[in-house]
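The values are calculated or read from the model by the stated rules, or taken from the named source; none is laboratory data. Remember, it's a predicted structure, so these values are computed and weren't measured experimentally. Neighbour counts run over all protein chains shown; Cβ positions are idealised from the backbone, glycine included.
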Amino acid sequence: MLIRGIKSKPVYTPLAPDLGGRTHLMVGFGVGAEPLARLIADCALAGVKKSSRQLLYVTDKSASPEMREAMQNADVEQVRLFSDSASLLTQFEAILQAATMGTRLYVSGPEAFMGLVMRIADRFNLNRDEIRAEECGSPARRVHCIHCRAATEDVTTNIVQCVGCQRWLVVRDHYSRRLAAYMGVMIDAEVPGELPPIEEVFV
């Protein structure tokens, strides 16, 4: 039912400093603290000025208390902590509105969170070579219903009921950067109510 190996599925790599950048904007969620802490240390070793580094971070409980404390005391010019991703995304957008040439973006955390961050970055024309992303934490998916266009969050199963139209959707591997979501297609169109086994696959 799932289609594997689709080229639209994002590929992520460990965060590393881009020494060609003038401003280094670091954005993370929960367990994304660990890659960010490593990145900040690498920036210091590489001679990236502290004044060029700023951090936005959601203090989700998925990160250890030690990692949350590390983010609060991060060796950057400015730390902004948030209790939820919506507040962070609002601030992130405001920062990009004033961003200048040479901005580099580093994102870490669950894929669903990173997709929302990178969707905003796309709107402000950050190129792919100006963005670094490292996935960690829950592999739960954000699923876009192709029928009603609603987004169902935190999906861990191969089949999910749409929060909008209530259709049963099969979760595809096809990923849309524009929507920051995987595609969900009605699975019981031919025989309503006839569903294959629902399994936990994104855990």
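Looking at the structure I just gave you, is residue 114 out of contact with any Ser or Thr (no Cβ under 6 Å at 6 or more places or on another chain), surrounded by 15 or more Cβ atoms within 10 Å (Cβ to Cβ) and assigned by TED's automatic domain parsing to the domain that holds residue 60?
yes
Name the residue, out of 109, 28, that is at positive phi, surrounded by 20 or more Cβ atoms within 10 Å (Cβ to Cβ), touching a residue at least 12 places away in the same chain (Cβ under 8 Å) and touching a strand residue (DSSP E or B) at 6+ places or on another chain (Cβ under 6 Å).
109
If only one of 36, 25, 96 is farther than 20 Å from residue 139 by Cα, in a helix (DSSP H, G or I), touching a Phe, Trp or Tyr at 6+ places or on another chain (Cβ under 8 Å) and not acidic (Asp, Glu), which one is it? Talk me through it step by step, then tell me what you get.
Numbers: 36 fails: farther than 20 Å from residue 139 by Cα; 25 fails: in a helix (DSSP H, G or I).
Residue meeting the stated conditions: 96.
Taking the stretch 150-167 as the search range and keeping residues that are in contact (Cβ under 8 Å) with a residue 40 or more places away in the chain and either outside any strand (DSSP E or B) or small (Gly, Ala, Ser) (or both), which one is nearest to residue 86 (Cα to Cα)?
It comes out as 156.
Here are 132, 172: which of them is in a strand (DSSP E or B), under 25 Å from residue 35 (Cα atoms) and basic (Lys, Arg)?
132
Would you confirm whether any residue within the stretch 53-62 is assigned to a loop (DSSP other than H, G, I, E, B) and either of a type outside the set (S, T, N, Q) or touching a Pro at 6+ places or on another chain (Cβ under 7 Å) (or both)?
So far as the stretch 53-62 goes, yes, one or more of its residues are assigned to a loop (DSSP other than H, G, I, E, B) and either of a type outside the set (S, T, N, Q) or touching a Pro at 6+ places or on another chain (Cβ under 7 Å) (or both).
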